[in-house]
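Below is one structure; the comments refer to it alone.
The values are calculated or read from the model by the stated rules, or taken from the named source; none is laboratory data. What you see is a predicted model, and the numbers here were worked out from it, not measured in a lab. Heads up, the Cβs are rebuilt from the backbone with ideal geometry, glycines too, and the neighbour counts pull from every protein chain shown.
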């Protein structure tokens, strides 16, 4: 396992542990609830799942109508609610559930309470309200405030209308059944009570499975919107419709619209103090909570908390994944979208889990991802800084600044360990350097040699070459490492031509400084070698080893026998492509190799005698050494032809040039 992966796993694990600790202490709870509200509003549908729940709201319009038309002051006489109950019965509603507490006698006298009781009795399917004193943990009700006897006796069922919101005061969950401490009484909530009375197959024993109750006995509501998600009527419109029907007139609302519906009545006027904050609105009628619970019951639509073990596993995996990916990306350009993607992934998972009905926590995974990404990027920055310093120190003397910048941008392209790969290798040295150096003072020799090596090195680096080493006047360089260079043979040939041309330009100057003409011999071969950092742990060179490197060195030395300046192998010539002037010199067997290799002279321009040379070489290839010698000798002003003429016949009749010295 690489160090980056080890670091990534360690960073990810630490980030996951930190996120889980914050989660367990409740530090993320308020933010997590906020993300839940965003999800609720995002997925809130245009209507309820069943369409079976109808809201009748005593809204501001109803209050204004009662005041202006009926001269009703608040609180309304309770007999005014009678037409609502009668209209529900007339329309065939399954149940009428009132989210109204009638715990005190009417201010209008006992007749008013009796009139309400009679209307409830006429309805026959009425769920009334009682108020339980519930603890925040839903571990039982310490007491119950009951409605007046006229309501209690006539009601089909009395249900609880109190509940406990989350810590931030928002009603996201509902306690569907509460038990009064010290009794065996299980009191359903108003929505559950309406379901028990109105549904034929309803039973309290079915609640835990249908509502996915948590350990506290509460259910997570799936809000589908505000009151507009339900069919909603104003209380004034219902009362007017019933009164018109009693008078033989046309109702404002068709009673049939309530057939087989669950009708819930509640207050929505701002001044009636029954507004509650919900995920869909900070100002919602309290009856909306009961209506949502009822609709969820009818549609099996309650949300479920993701299993705790699964959430923990998700946070751990998120941290580890973020740590691994963050430490594996070293590009600054790639790190920004990566960070955004990883930090946003838990939110995507939370959103994806909502439609199937799961509340998957988002913040713990987000914190784990964010911490892991931050830790990974800090680690990358530290490692990258160390890596950049190492690369610069290791390569600044034998790579061009442009190549070093490429390596720094994408260090993954750099392979410093030993590896086998195809390179084009160049060996170069000065002809007669030993005798030249003997006639110069050390200071003058050093200055001269530095000037020469600077010129040659600049060209090699400009062509993307890697400078391996200097050995006195000799230069070893190669192409296609450490970075890939598909055109490495062409680069090397171009560098050789430029080096010879540069030396020719300065030859007169150098002669004046040393008293002799300076000529360079260059040998090049393309082949597979081992390349990498080699040496001790404290000191090493980035160099090459292998037969291909040895052959390049032999070709450099072969120039002396042939009188040529630059000699390349057949492999290099084949990969260099067009744009160069090559002269075939024939097969050559160098010292240390049994098999001959076809070699070529690389020139800066084709000479006039090259055609005649090719004809002579062809004669030599077929074994006529005598005729070939005469033809080579007849070529004027061609040192290579003169050398070949002298070597004809030295191979014992074999058409191969053979060298006995390096």
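Given (1) surrounded by 22 or more Cβ atoms within 10 Å (Cβ to Cβ); (2) farther than 23 Å from residue 355 by Cα; (3) in contact with a helix residue (DSSP H, G or I) (Cβ under 6 Å, 6 or more places away or on another chain), where does residue 320 come up short, assuming only one miss?
Unmet condition: (1).
Restricting to the range 460-475, name every residue that is surrounded by fewer than 20 Cβ atoms within 10 Å (Cβ to Cβ) and either outside any helix (DSSP H, G or I) or modelled with pLDDT of 95 or more (or both).
Correct list: 469, 470, 471, 472, 474.
In the range 421-450, which residues are farther than 30 Å from residue 490 by Cα and touching a strand residue (DSSP E or B) at 6+ places or on another chain (Cβ under 8 Å)?
Once the filter is applied, which keeps residues that are farther than 30 Å from residue 490 by Cα and touching a strand residue (DSSP E or B) at 6+ places or on another chain (Cβ under 8 Å), the range 421-450 yields only 436.
Conditions (1) crowded, with 22+ Cβ neighbours inside 10 Å; (2) not in a helix (DSSP H, G or I), marked per residue:
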site: 153; (1), (2): no, no
site: 163; (1), (2): yes, yes
site: 191; (1), (2): yes, no
site: 202; (1), (2): no, yes
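Got at least one residue in the range 287-299 being in contact with a strand residue (DSSP E or B) (Cβ under 6 Å, 6 or more places away or on another chain) and not in a helix (DSSP H, G or I)?
Scanning the range 287-299, I find no residue that is in contact with a strand residue (DSSP E or B) (Cβ under 6 Å, 6 or more places away or on another chain) and not in a helix (DSSP H, G or I), so the answer is no.
Restricting attention to the range 167-176, which residues are farther than 13 Å from residue 293 by Cβ and surrounded by 17 or more Cβ atoms within 10 Å (Cβ to Cβ)?
Across the range 167-176, the qualifying residue is only 170.
Only one of 85, 28, 18 is closer than 30 Å to residue 109 by Cβ, touching a residue at least 40 places away in the same chain (Cβ under 8 Å) and crowded, with 16+ Cβ neighbours inside 10 Å; which?
85
(1) surrounded by fewer than 21 Cβ atoms within 10 Å (Cβ to Cβ); (2) closer than 19 Å to residue 601 by Cβ; (3) in contact (Cβ under 8 Å) with a residue 60 or more places away in the chain: which one isn't true of residue 493, the others all being true?
With respect to (1) surrounded by fewer than 21 Cβ atoms within 10 Å (Cβ to Cβ); (2) closer than 19 Å to residue 601 by Cβ; (3) in contact (Cβ under 8 Å) with a residue 60 or more places away in the chain, residue 493 is out only on (1).
Given the criterion in contact (Cβ under 8 Å) with a residue 12 or more places away in the chain and buried (at least 21 other Cβ atoms within 10 Å of the Cβ), identify the matching residue among 179, 224.
Just one listed residue meets the conditions, 224.
Within the range 528-581, which residues are more than 21 Å from residue 474 (Cα to Cα), in contact with a helix residue (DSSP H, G or I) (Cβ under 7 Å, 6 or more places away or on another chain) and outside any strand (DSSP E or B)?
Within the range 528-581, 575, 576, 577, 580 qualify.
Of all residues in the range 397-455, which are under 28 Å from residue 526 (Cβ atoms), at pLDDT 85 or above and in a loop (DSSP other than H, G, I, E, B)?
The one that is under 28 Å from residue 526 (Cβ atoms), at pLDDT 85 or above and in a loop (DSSP other than H, G, I, E, B): 431.
Between residues in the range 640-656 that are at positive phi and at pLDDT below 90 and residues that are surrounded by fewer than 18 Cβ atoms within 10 Å (Cβ to Cβ) and not in a helix (DSSP H, G or I), which pairs lie under 8 Å by C-beta distance while being six or more apart or on different chains?
What qualifies is 653/623.
Is it the case that residue 283 is modelled with pLDDT under 95, assigned by TED's automatic domain parsing to the domain that holds residue 170 and not in a loop (DSSP other than H, G, I, E, B)?
yes
Here is a list: 276, 261. Which entry is touching a strand residue (DSSP E or B) at 6+ places or on another chain (Cβ under 7 Å), at pLDDT 95 or above and in the same structural domain as residue 120 (by TED's automatic domain parsing)?
It is 261.
Filter the range 227-236 for residues that are part of a helix (DSSP H, G or I) and in contact (Cβ under 8 Å) with a residue 24 or more places away in the chain; which is surrounded by the most Cβ atoms within 10 Å (Cβ to Cβ)?
235
When the range 550-572 is examined, which residues are found to be over 30 Å from residue 633 (Cβ atoms) and crowded, with 22+ Cβ neighbours inside 10 Å?
552
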